[in-house]
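This report refers to the structure that appears directly beneath it.
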Amino acid sequence: MKWEDFVKKVGKLPVIDTKLLLTGVKDKVQISRWQKAGKLIQLKRGFYVLSETHRKVNLFEPHISFLLKKPSYVSLEKALEYYGLIPEGVPVYTAVTSKRAAKFTSEAGVFTYRHIKQPLFWGYESVTVNSQTGFIAFPEKALLDLVYFHGIDISLNYLEGLRLQNVNKLNLGILLKFAGRFKSLGMMKAASIIKKYIEQNKRSEKQL
């Protein structure tokens, strides 16, 4: 298959699964040559995206994250950035999975996966952009996942350092409900401190 014909076939696909879509490409060497020429970017074995020069659709990274590791959902700092809860851009897409931890690095980005016990694999929603569906933690679960994975001793000073903002997007009822599902006194304590921080910031915003 010629490159031009290949692009016509897969140009509108955000991610190319060679097992399903490259039936017309019989020679694996051809795929390797396109990759070495910078026309294809390998995400992991069997999964590629077209380089920006040849790409016809904008990539939705949470969709890529889910395809690379199922089941999984984007969480922690990257989800907080997505909701505008922290001001800084986060370069790494960190996701939570009930499967084995993993990491995939390519020109398309860095995607890491943290393992969580199956009973704690919840608290996320599906989000579709440009016909690409990914899964992202609810903001309350993203905060609690951050505490859970980093073993953070939450304090008001820590939350100030995190520069947590737009706290009106957080639902205190959901936060406490989610914390209870961890069945951990430490997580309940963390949730109560986060609740106090949110209430203080809401009062400050009203005074302004």
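Side notes on the structure shown:
- Flag for G46 being modelled with pLDDT under 95 and at positive phi: yes
- For the residues G161, G180, the requirement of being modelled with pLDDT of 90 or more and either in the same structural domain as K141 (by TED's automatic domain parsing) or in contact with a Lys or Arg (Cβ under 8 Å, 6 or more places away or on another chain) (or both) singles out G180.
- Looking across V10, V29, one residue alone is modelled with pLDDT under 95, β-branched (V, I, T), out of contact with any strand residue (DSSP E or B) (no Cβ under 9 Å at 6 or more places or on another chain) and not assigned by TED's automatic domain parsing to the domain that holds A79. It is V29.
- Residues (surrounded by 17 or more Cβ atoms within 10 Å (Cβ to Cβ) and within 22 Å of the chain's Cα centre (by Cα)) located in the range 33-48: I41, Q42, L43, F47, Y48
- Residues satisfying the stated conditions in the range 113-126, i.e. surrounded by 12 or more Cβ atoms within 10 Å (Cβ to Cβ) and either aromatic (F, W, Y) or out of contact with any Phe, Trp or Tyr (no Cβ under 7 Å at 6 or more places or on another chain) (or both): Y113, H115, I116, F121, W122, Y124
- Cβ separations smaller than 7 Å between residues 6+ apart or across chains give no pair from the range 98-120 residues that are not assigned by TED's automatic domain parsing to the domain that holds A142 to residues that are part of a strand (DSSP E or B) and modelled with pLDDT under 95.
- Residue satisfying condition, being closer than 30 Å to E140 by Cα, of a type outside the set (A, V, I, L, M, F, W, C), in a loop (DSSP other than H, G, I, E, B) and touching a residue at least 12 places away in the same chain (Cβ under 8 Å), within set G38, G84: G84
- When E160, E140 are checked against the criterion of being among the acidic types (D, E) and more than 23 Å from V74 (Cβ to Cβ), a single residue qualifies: E160.
- Options K103, K196: the member that is modelled with pLDDT of 95 or more and charged (D, E, K, R): K103
- For G151, the conditions (1) within 21 Å of P87 (Cβ to Cβ); (2) modelled with pLDDT under 95 are fulfilled apart from (1).
The values are calculated or read from the model by the stated rules, or taken from the named source; none is laboratory data. Computed from a predicted structure; not experimentally measured. Counting neighbours? That spans all protein chains shown, and the Cβs are built from the backbone with ideal geometry, glycine included.
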